[in-house]
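Undergrad: Once you've had a glance at the structure underneath, I'll fire off some questions.
The values are calculated or read from the model by the stated rules, or taken from the named source; none is laboratory data. Model, not experiment: these values are computed from the prediction. All Cβ positions, even for glycine, are placed from backbone atoms using ideal geometry, and neighbour counts span all protein chains on display. Quick note on the areas: whole protein, heavy atoms, side chains included, nothing else; ligands and nucleic acids left out. Shrake-Rupley method; radii C 1.70, N 1.55, O 1.52, S 1.80 Å.
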Amino acid sequence: MPAHSHQSVFVSDTIRSRQTLLAVRCFAFLSDDILNSLTSRMTPLHFEAGQVICLEGEPGEKVYILEKGWVKAIRTAVDGREQATMFLHGGEIFGDDAVFTEAAYPVTVIALENVTAWGIDGTSLIELVQRYPSLAVAVIRHLGERVLYFVQLVEDLGLRKVETRVAHTL
């Protein structure tokens with residue numbers, strides 16, 4: 001294989017990883033220096049429909065950034081019942097909650113269709129957050145949005161009638 005062929009694949013991955021980061025709302029305004037630092041640590045990942053991406057209870061060692069495709073996050077009860085907690089698609093992140101709390105993944109994430117994503121090692125991401133305050137602010141903003149999502153979900157499930165929840169969803 002010619003050397004230039006390998007280089008063009010590398011450039012392609014670099015461009016794709018950068019475009020994926022820019023699709024994440026909280027990362028869209030990061031400096032080139034920060035984006036370059038992130039992309040140099042990102043690994044391309046592919047998952048088939050139905051494949052488990054991360055498993056509830058496993059150590060949270062990686063953050064996933066979705067490029068394309070849909071995934072669902074579920075919690076599983078002891079009796080085997082599943083509760084979907086989120087549906088995510090391209091331009092969204094998961095696994096960060098476990099990485100930043102040094103905890104296990106709180107949910108199982110399953111590909112609903114073929115998925116292209118990027119992984120970044122949690123330790124590497126934490127180092128970058130410590131180095132770049134604007135990245136830290138972006139991550140805080142993302143985690144804050146996630147908290148607000150779950151507050152809204154609790155309100156919908158606990159305080160609204162079924163009819164109101166259905167009307168709100170439609």
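Undergrad: Could you order Lys72, Lys62 so the one with the most accessible surface comes first? Probe is 1.4 Å.
TA: Order by accessible area, largest first: Lys62, Lys72.
Undergrad: Using only protein heavy atoms and a 1.4 Å probe, report how much of Glu58 is accessible, in Å² to the nearest 10.
TA: 80
Undergrad: Give the accessible area for Leu88 in Å² (nearest 10); use a 1.4 Å probe, count only protein heavy atoms, and leave out ligands, DNA and RNA.
TA: So the heavy atoms of Leu88 present about 10 Å² to solvent.
Undergrad: Same structure again: Please list, in order, the residues from the stretch 11-35 whose amide nitrogen is less than 20 Å from a point placed 7 Å along the Cα→Cβ vector of Ala136.
TA: Only 26-35 pass the distance filter.
Undergrad: Which listed residue (Cys26, Ile126, Ala49) has the Cα farthest towards the positive end of the charge dipole for the chain, taking +1 on Lys and Arg C-beta and -1 on Asp and Glu C-beta about the Cα centre?
TA: Comparing the listed Cα positions along the dipole, Cys26 ranks first.
Undergrad: Quick check on the chain: helices-only [θ] at 222 nm, where DSSP H runs of length 4 and up contribute -39,500 (n - 2.57) each and the sum goes over total residues. Nearest 500, please.
TA: About -15000 deg cm²/dmol.
Undergrad: Checking a compactness column here: for the stretch 23-81, what do you get for Rg(Cα) / (2.2 N^0.38 Å), N being the number of residues?
TA: So the Cα radius of gyration is 1.46 times the expected 2.2 N^0.38 Å.
Undergrad: What's the long-distance tail for the chain, i.e. % of Cα pairs beyond 24 Å?
TA: Result for the distance tail: 41 percent.
Undergrad: Shifting gears a bit: Given Cα pairs under 8 Å that are at least 6 residues apart, what percent is the relative contact order of the chain?
TA: Taking the mean separation of contacting Cα pairs over the length of the chain, I get 26 percent.
Undergrad: What is the projected area of the convex hull of the Cα atoms of the stretch 101-141, averaged over all directions, in nm²?
TA: So the Cα hull casts an average projection of 4.1 nm².
Undergrad: Still on this structure, I have one more. How big is the C-alpha Rg of the stretch 4-102 next to the rule-of-thumb value 2.2 N^0.38 Å, as a ratio?
TA: For the stretch 4-102, the normalised Cα radius of gyration is 1.23.
Undergrad: Can I ask one more? Provide the FRET efficiency to the nearest 0.05 for the Glu102-Thr14 pair, computing r from the beta carbons and using R0 = 22 Å.
TA: 0.15
Undergrad: Another question, then. Please state the charge dipole magnitude for the chain, taken about the Cα centre, from unit charges on C-beta atoms (+1 on K and R, -1 on D and E), reported in debye and rounded to the nearest 20.
TA: Rounded to the nearest 20 debye, it is 380 debye.
Undergrad: Along each principal axis of its Cα atoms, how long is the stretch 118-157 end to end? Whole angstroms, biggest number first, please.
TA: 38, 21, 14
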